[in-house]
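What follows is a single structure, written as structure tokens, with notes after it.
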Amino acid sequence: MRFMLLFSRQGKLRLQKWYLASSEKEKKKMVRELMQVVLARKPKMCSFLEWRDLKVVYKRYASLYFCCAIEGQDNELITLELIHRYVELLDKYFGSVCELDIIFNFEKAYFILDEFLMGGEIQDTSKKSVLKAIEQADLLQEEDESPRSVLEEMGLA
Amino acid sequence: MALKMVKGSIDRMFDKNLQDLVRGIRNHKEDEAKYISQCIDEIKQELKQDNIAVKANAVCKLTYLQMLGYDISWAAFNIIEVMSASKFTFKRIGYLAASQCFHEGTDVIMLTTNQIRKDLSSPNQYDTGVALTGLSCFVTPDLARDLANDIMTLMSHTKPYIRKKAVLIMYKVFLKYPESLRPAFPRLKEKLEDPDPGVQSAAVNVICELARRNPKNYLSLAPLFFKLMTSSTNNWVLIKIIKLFGALTPLEPRLGKKLIEPLTNLIHSTSAMSLLYECVNTVIPILKSPVLARNNTVFLYVEKLYFVFFPPTVKYLGLLAMSKILKTHPKSVQSHKDLILQCLDDKDESIRLRALDLLYGMVSKKNLMEIVKKLMIHVDKAEGTTYRDELLTKIIDICSQSNYQYITNFEWYISILVELTRLEGTRHGHLIAAQMLDVAIRVKAIRKFAVSQMAMLLDNAHLIASNTQRNGICEVLYAAAWICGEFSDHLEESNQTLEAMLRPKVTTLPGHIQAVYVQNMVKLYASILQQKEQAGEKEAAQEITQLMIDRLPQFVQSADLEVQERASCILQLIKYIQKLQIKEVPVAEEVIALFAGELNPVAPKAQKKVPVPEGLDLDAWINEPPSDSESEDEKPRTIFHDEEQRHSRHRQPEIDEEELARRREVRKQEQANNPFYIKSSPSPQKQYQDTPGVEHIPVVQIDLSVPLKVPGMPMSDQYVKLEEERRHKQKLEKDKKKKKQKKEKKGKHRRHNSLHTESDEDIAPAQHVDIITEEMPENALPSDEDDKDPNDPYKALDIDLDKPLADSEKLPVQRHRNAENLKSPDTEAPLVGKKSKKPKKKEKKHKEKEREKEKKKEREKKVTEEGKKVVCVLSATYDIQGNLQNDSQVTVSVIFENKSTSFLKSMELNVLDSLNAKMLRPEGSSVHDGIPVPFQLPPGISNEAQFVFTLQSIVMAQKLKGTLSFIVKNDNGSTHEKLDFKLHFSCASYLITTPCYSDAFAKLLESGDLHMSSIKVDGISISFQHLLAKICFYHHFSVVERVDSCASMYSRSIQGHHVCLLVKKGENSVSVDGKCNDSTLLSNLLDEMKETLSKC
């Protein structure tokens, strides 16, 4: 997979993950172009489209479009399932996820994606193990954060 | 200090966190840009603070802004600071930001190497995980090279969580650093049988991706994968494996036979569409081989596809799969023709394009006209030029495929082409033009019709060329003009066509078209002249000459050189003819002789394929080159130009016979060399006949049965009807014949015959395409073309993996040179400035059960341990780092790795102090006491310890001898062991990478109290960029400024020496001029640098 984008119906980017590093300018151009193409499509249309030399697989969940760009030989249907799996993971993590969850906790959405996919390949197919990894990492983070009360930091405690 | 912290915390309470930022942006919908620029200013302030929590918060906000499209590359350095935070919370944010915005062009990326290495070996698996994830997004060739070995080690980590990530990231590493593939592959292969399913699927993923690009190297893995495929129940994994087999089967047909059964089972049993799709995709090419082709199975698949993949959301896939089936089993798809034609009406462009592709493969003689007719309707309806252009090219592709195999009626095809010229705004005028030329040349029987149509086009040129600027369609006029000129014998209304070509409007056409016009109007003129002379109409002949003389000057004035040159040449010729005509000399014969001869199409590569006869050396001189060959080369051209200009300026009317003959030669030459003259044949083999007789000139026959139509009216339809009638007639005749045959053969072959009645082969084309086989010269060599793209990034990974590994291929192992200050209170404050490192020969201290040979090898590697009775293997890598706080201290971090199966404990490190360098020991201990290593090592574990050394002078490199003593404990009891080693303090390890601005740098140089020295190294082959990176990397410099192949660099020693470098790269050499407060330090530094560079 080359990259994954999440954007809203209004054309606001909510998440972007590039598995092939490219320059800022090039990314912006691609995002703009792809958003235009996908947003112009009607609901009943096919979830796959050819775009540049890539294939785009997208699916709309409520007001959010999940959009992946894959190479010619890749399996489109598995990509669709992958998107769905990611949505399920978000759902599990946030508890019935909505766009606002992703906006306000965008770094969490990234962390989940990073546990699920790496370098554009599926890292773990088991939902359970992905969520477990995230939970433990979060726990670690809380341990980090918990002793840092304001007073302690002021050196008063 | 406390006050500062208090201040920092209070500030933090008022800082915006991410939520506040997001909320703020949502509340400032009207002036978002202003609000964000304000936020960025705040963030910049926050980044300046020392508190890492504040920085992390700022970086987190920046990451969000980056997503909104704001440039945050300026904060790259701060991101690295946050990455190197010790707390996971911040590290996580830092790596996220890095993965979002770093790319190969990010210059600070090389500063991360050491930090990443440290995180990779962190005892906390989530630190390692987050580093791997980040690295997977921004790995560069340098990072890949430096970290390959570390990641490879992680592939056998105890935690599956790390193993799986390490395995996946190896794919990225391979792509960036292909040399790592062979050393890492055996371990990767092991992971295919890892007990953890996640690791296993990751390994399958990586190997499948690798194998898809270069399948032949992975054939030996087929049995292993076959086993995995039959045992695995994980669809994600199965899909990858099946995809891999899809790549392997073309190379190993026997594999296909084996696969059919399991794949068919999967097709019937699976409920997952994605898996089904993958199976069908893989099975279909396998079925191609005749042994396995059972048509009914294919039909079965097609039916299954039809039902599963034609709901609108996945229709695209159905078409894609069909196009695969089509390649091997065209008949099974053809029954779905109507469905595919329907797809042309789909709103979705990808679907329409796929359907078009399918149609390309589906046409036959029988249905070609019908399909093209449908397509023509779509051309009319199509919105958007891209799709229309695509349709146009597809129509042409469909019709012209395999030498017009499916066209039975070329009149129909020409009229289709003419209809296509009515398309507005297409870019593909040249395609249509090429087709017109091709057909007219190849299909002799059609020339007459083609000429009449082209004449019509020329007559209506104003319709086509109405908008030359953006209209590619005027290219067809090029073809039209050429056809009318070259085959002017077939032209009926030559006069009218000639006049059409001489219209003033023509001068608005592009130059190359005008040039063809000019050239071909002479051909036309020649044939008219001949007609008139033969008919004895002298006045008419003179009239036509006058017409040419009147109109040609408009071309002579053309700004296009080619047009001007041709026109002025021809104008003179015609003026001469006029003179002769006035003298009543018959000239037509001679004029027409200019264009005598038949053109044969030649394949584009024909010339290349003529073998060089034996004994012929094409590079040998025919004549020895004259001494002043350059001026010789120049002369004829300038003479020619002068002449041309003189002619056009003075219009010299007197041309003698000789001049005319000469010019004829010139023209012939010109025609022979002119690439525009015959487009489809770059090496025209026109046979010029020097003495043409009248009998060579074809007599024009006027056949009025050719239907002429007003342009703008579709007429290809009528050909469809005509063709149907023709076929019907043909069929009737055949039937008659067959009846006769039947009578004769008494039904012996009846079945066979009736089967064939409807087949394609029976439809005889109305015209024959000539010269399909004659295009290649005799004894043409079959040439195999290299289709592979040399820039393919995956080509580098085409590596034979079964060959045993050579020593030279081992991954570079880097000596660790990173250190943090000894647990000082502000360890949180990142030391990024110092975080660059220096790979060197890994100092390994091995103890092994000895054979003499190995011992020697070890000694060669300068391993200090002299072979004793060996029980275990302990390896240590170290890294020296200047201490920012103390100008006479360096920290040595040593990573100890237990490579044995025993437990190591009570490790103690001791160093023999020199006058200059001393190890910092705890108070009260003597110089002979060692420092205990604060941990024990279970088998297979590594850990890092730090030791501080004090130095008096840092201008020289140092070597210290030391011993490491430890106790090895295993089942047999415990033994005391010792290990000797040497620590090498290079001068570069006293330097601290310090950024410097160019103005400060200039001032420093101007100050004049620096000593100077320089070195030069030859035989440098690496790029300058790479070279600078090496200097930065190994010697702790930073680039101040870089102009072309020249760069200034700066660094500072822990004792405050300034070191300035000017690095210049020549052809194959590099010169380094250095300036430093201390001349000894400088010369030592330069010596070290020379050593590094000479290895490049």
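The values are calculated or read from the model by the stated rules, or taken from the named source; none is laboratory data. From a predicted model like this one, the values you see are computed outputs, not experimental measurements. Heads up, the Cβs are rebuilt from the backbone with ideal geometry, glycines too, and the neighbour counts pull from every protein chain shown.
Quick notes on this one:
- Being within 14 Å of chain A (Cβ to nearest Cβ), more than 21 Å from B:Phe1033 (Cα to Cα), touching a residue at least 12 places away in the same chain (Cβ under 8 Å) and small (Gly, Ala, Ser) is a property that does not hold for B:Ala184.
- Filtering B:Phe138, B:Phe102 for residues that are under 26 Å from B:Ala796 (Cβ atoms), in contact with an Asp or Glu (Cβ under 9 Å, 6 or more places away or on another chain), within 12 Å of chain A (Cβ to nearest Cβ) and modelled with pLDDT under 90 leaves a single hit, B:Phe138.
- Among the residues making up the stretch B:48-61, those that are in a helix (DSSP H, G or I), within 22 Å of B:Asp127 (Cβ to Cβ) and more than 8 Å from chain A (Cβ to nearest Cβ) are B:Ile52, B:Val54, B:Lys55, B:Ala56, B:Asn57, B:Ala58, B:Val59.
- Residue, nearest to B:Lys87 (Cα to Cα), within the stretch B:114-126, restricted to residues that are among the polar types (S, T, N, Q) and buried (at least 23 other Cβ atoms within 10 Å of the Cβ): B:Gln115
- Scanning the stretch B:391-432 for residues that are without any contact (Cβ under 8 Å) to a residue 60 or more places away in the chain, assigned to a helix (DSSP H, G or I) and hydrophobic (A, V, I, L, M, F, W, C) yields B:Leu391, B:Leu392, B:Ile395, B:Ile396, B:Ile398, B:Cys399, B:Ile414, B:Leu417, B:Leu420, B:Leu431, B:Ile432.
- Of all residues in the stretch A:29-41, none are in contact (Cβ under 8 Å) with a residue 40 or more places away in the chain, closer than 13 Å to A:Phe3 by Cα and under 17 Å from the mean Cα position of the chain (by Cα).
- Hits in the stretch A:16-47 - residues which are touching a Leu at 6+ places or on another chain (Cβ under 7 Å) and at the interface with chain B (Cβ under 7 Å from one of its Cβ atoms): A:Gln16, A:Ser47
- Members of the stretch B:503-560 that are among the hydroxyl-bearing types (Ser, Thr, Tyr) and in a loop (DSSP other than H, G, I, E, B): B:Ser558
- Residue list for the stretch A:98-111, restricted to those being more than 10 Å from chain B (Cβ to nearest Cβ), acidic (Asp, Glu) and under 17 Å from A:Met4 (Cβ atoms): A:Glu99
- Number of the exception - B:Val167 against (1) under 24 Å from A:Trp18 (Cβ atoms); (2) surrounded by fewer than 23 Cβ atoms within 10 Å (Cβ to Cβ); (3) within 14 Å of chain A (Cβ to nearest Cβ); (4) over 22 Å from the mean Cα position of the chain (by Cα): (2)
- When A:Leu13 is tested against the conditions (1) under 17 Å from B:Cys101 (Cβ atoms); (2) surrounded by fewer than 15 Cβ atoms within 10 Å (Cβ to Cβ); (3) among the hydrophobic types (A, V, I, L, M, F, W, C), the lone failure is (2).
- Residue in the stretch A:72-97 that is farthest from B:Met273 (Cα to Cα), counting only those that are assigned to a loop (DSSP other than H, G, I, E, B) and either at the interface with chain B (Cβ under 8 Å from one of its Cβ atoms) or under 13 Å from the mean Cα position of the chain (by Cα) (or both): A:Val97
- B:Gln45 more than 26 Å from A:Met35 (Cα to Cα), in contact with a Gly (Cβ under 7 Å, 6 or more places away or on another chain) and away from chain A (no Cβ under 11 Å): no
- When residues of the stretch B:192-204 are limited to those that are within 19 Å of B:Ala222 (Cα to Cα) and surrounded by fewer than 23 Cβ atoms within 10 Å (Cβ to Cβ), the one nearest to the other protein chains (Cβ to nearest Cβ): B:Gln200
- Failed condition for B:Lys331, given (1) closer than 26 Å to B:Glu419 by Cβ; (2) part of a helix (DSSP H, G or I): (1)
- Of all the residues in the stretch B:205-220, those that are crowded, with 20+ Cβ neighbours inside 10 Å and away from chain A (no Cβ under 14 Å) number 1.
- Every residue from the stretch A:58-71 that is surrounded by 16 or more Cβ atoms within 10 Å (Cβ to Cβ) and at the interface with another protein chain (Cβ under 10 Å from one of its Cβ atoms): A:Lys59
- Taking the stretch B:221-247 as the range and being within 14 Å of chain A (Cβ to nearest Cβ) and among the hydrophobic types (A, V, I, L, M, F, W, C) as the test, the residues that pass are B:Trp236, B:Val237, B:Leu238, B:Ile239, B:Ile241, B:Ile242, B:Leu244, B:Phe245, B:Ala247.
- Residue within the stretch A:54-62 that is of a type outside the set (A, V, I, L, M) and assigned to a helix (DSSP H, G or I) present: no
- Residue under evaluation B:Lys176, criteria (1) more than 9 Å from chain A (Cβ to nearest Cβ); (2) out of contact with any Ser or Thr (no Cβ under 9 Å at 6 or more places or on another chain); (3) modelled with pLDDT of 85 or more, criterion not met: (2)
- Selection within the stretch B:331-364: residues that are surrounded by fewer than 19 Cβ atoms within 10 Å (Cβ to Cβ) and touching a residue at least 40 places away in the same chain (Cβ under 8 Å). The member of this set that is nearest to the other protein chains (Cβ to nearest Cβ) is B:Tyr360.
- Summed over the stretch A:19-50, the residues that are part of a strand (DSSP E or B) and farther than 22 Å from A:Val87 by Cβ give a count of 1.
- Of the residues making up the stretch B:62-99, those that are free of Cβ contacts under 8 Å to residues at least 24 places away in the same chain and either facing chain A (nearest Cβ under 7 Å) or assigned to a loop (DSSP other than H, G, I, E, B) (or both) are B:Gly69, B:Asp71.
- Restricting A:Leu139, A:Leu100, A:Leu131, A:Leu113 to those that are in contact with a Lys or Arg (Cβ under 7 Å, 6 or more places away or on another chain), in a helix (DSSP H, G or I) and surrounded by fewer than 19 Cβ atoms within 10 Å (Cβ to Cβ) reduces the list to A:Leu131.
- Some residue of the stretch B:523-535 being crowded, with 21+ Cβ neighbours inside 10 Å, hydroxyl-bearing (Ser, Thr, Tyr) and touching a residue at least 24 places away in the same chain (Cβ under 8 Å): yes
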